[in-house]
Amino acid sequence: MSTRNIVLGVGCWLAAAALAYSQGAQPSDTRKAEEVYKNIKVMNGTLASELSQSMHLMESGTGMDCEYCHIEGKFDVDVKPPKQVARRMYVMMTDLNTRYFGGKQVVTCYTCHNGRREPAAMPFLPITKPLEPGEMEAKAKLPMPPVQQILDRYIEALGGEQNIRKVTSRVITGTQYIPTGPGGQTPAPATIERAQKAPNMIVNTYKTATFTIADGFDGKTSWSQNQQGRTADAIEVDQPRARRDADFYFPLNLKQQYATMTVEGIDRVSDRDAYVVVATPQGEVPERLYFDTQTGLLLRKATALPTQVGFSPFQVNYSDYRDAGNGVKVPYVITMYPASSRTVLYTTATIRVMKVEENVTIDDAKFARPR
C-alpha cells in the first residue's frame, strides 16, 4: 500500500517503494473496513485499503506500537484494555471535531499526546520565550519574491526550459533500502530502475536478493505490483498526486498543476534557507515546495495524506544536483520521511542515484500495468 519524479527534481521518487499488500485489502479495494476486517466498531465507513495508514498515524501520534492495543496475528481480539480506551478516545476526538470545528480534522491523537504515551499535563522546560508584540507582524512583512520569479529561477537553475524540453525520456538506476514488512519497518537493500517518458509515463522496478516489486503510471492510472505478482491500481485519493508526479515536464508545468500558489515565507532545509511556496491542487490538501534562496533549486516537497484520524505527513528532500549530460540538473540523493507515504512515520529511506541515461528509446508497453 503505497503512494507514488526524478522529474527534474520535483516530486521525484515520491512513489518510494511499493509495499507488499495487506492480506485483507489491496490498494484498489473499495470495500469498507467492516466488510474486510473483523470487529470494526468505531472506524466504520473507512476504506479497508486506508485503514492501515490511519493505524500508522495513531501509532506515531501516541508513541505506542501495534502490540500495545492488539495481539500480533489476532488483531480483532478484544482482550487488552488499551484497545477499549483507544476506541473511546477516537469517539471523543471525532465528537470534538464535529461539535467545535464543523467536522474538520483539527483535533487528532497528536494534539494531546505529541508522540508520547501519556498526554502532558504541564509544559516541558525550558520554555521558548514568545515573540514580542509586533515581531510576528514584522516577520510576516519581510519582502518575498513573487511566485513566478521563484519558479522561473528554478527552471533556470535546472538548466533552462530549452534544455529541459530537449530531453524526452530518462532511465535512472540507483540503490535504496526499500521498506518491507508490517508498516514498512524492515528495510531491504534493493537496486532501483526508473524509466520515464514524456509526457507522463513512469515505471519503477525495485529488485532485492529475493523478490522484485514495481509501480508506475501508464499515462492514465497509477498501479503497483507486489512480491507475488499481484497488481492493483492505487487508491483513489493517491491517483491525482501520482498523475502530477508523472508529468515529465513538471517544473515547467507547476502553474498548471496547482490551482493556487503563494509564497509563505523562508524556512530552513538542513543548512539552507528556502522560500516556502504553498501549492494547492484543486480540491486537495496543500503541498509545500521549498526552493533554495541562493541556488533556486528545489530542496524539499512536503505533503500530507488525509486519513480517518488526521493528516499523515510525507516529505521528500533533494540534494546533490548534477548535470545528467544534456545540460539539465538532476538530484542524485533523495531522502524520504517516512520511507514511503504509506509506512509508519518513524521510518526513512534514501535513494542514491548511480547512473542517468537520457533520450533513451523506451516502448510505451513498458509502462503498461502488468497482467
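Every read-out reported here was derived from the displayed coordinates using simple, explicitly stated rules and does not represent laboratory data. None of these values were measured; they are calculated from a predicted model. Counting neighbours? That spans all protein chains shown, and the Cβs are built from the backbone with ideal geometry, glycine included.
Considering the convex hull of the alpha carbon atoms of region 147-367, report its projected area averaged over all viewing directions, in nm², one decimal.
The Cα convex hull of region 147-367, projected and averaged over all directions, gives 12.2 nm².
Using Cα centres only, tell me the gap between region 237-273 and region 46-74 in whole Å.
Answer, in whole Å: 30.
So between L96 and E156, what do we pick up on full extension, going 0.36 nm a residue minus the alpha carbon distance?
Here the answer is 16.8 nm.
Rounded to the nearest 0.05, what FRET efficiency is calculated for Q228 and E132 with R0 set to 41 Å and r the Cβ-Cβ distance?
0.10
For region 165-223 and region 290-362, what is the separation of their C-alpha centers, rounded to whole Å?
Region 165-223 and region 290-362 have Cα centres spaced 13 Å from each other.
Suppose a student asked you for the relative contact order of region 33-113, using Cα pairs under 8 Å spaced at least 6 residues apart; what percent would you report?
26
Over all pairs of distinct alpha carbons, what does the Kirkwood formula give as the hydrodynamic radius of region 172-257, in Å?
Across region 172-257, the inverse of the average 1/r is 13.9 Å.
On each of the three principal axes of the Cα atoms of the chain, give max minus min coordinate, whole Å, ordered largest first.
62, 61, 33
Rg(Cα) of region 33-113 divided by 2.2 N^0.38 Å?
After normalising by residue count via 2.2 N^0.38 Å, the value is 1.09.
Among the lysines, which have Cα under 21 Å from the Cα of K355 when same-chain residues fewer than 8 positions away are ignored?
K166, K197, K207, K329, K366
Hey, got the Cα dimensions of region 246-371 along the principal axes, in Å, largest first?
43, 42, 32
So which trypsin sites (Lys or Arg not before Pro) in region 72-179 are both in a DSSP loop and have at most 14 other Cβ atoms within 10 Å of their Cβ?
Passing sites in region 72-179 are K104, R116, R117, K141.
Provide the FRET efficiency to the nearest 0.05 for the V79-K41 pair, computing r from the beta carbons and using R0 = 25 Å.
The pair V79/K41 has a calculated efficiency of 0.95.
Between D65 and V263, what FRET efficiency follows from the Cβ-Cβ distance if R0 is 56 Å, with the result rounded to 0.05?
My answer for the efficiency is 0.90.
Using the Cα atoms of region 204-301, I'd like the radius of gyration and the largest Cα-Cα distance, Dmax, both in angstrom.
16.6, 47
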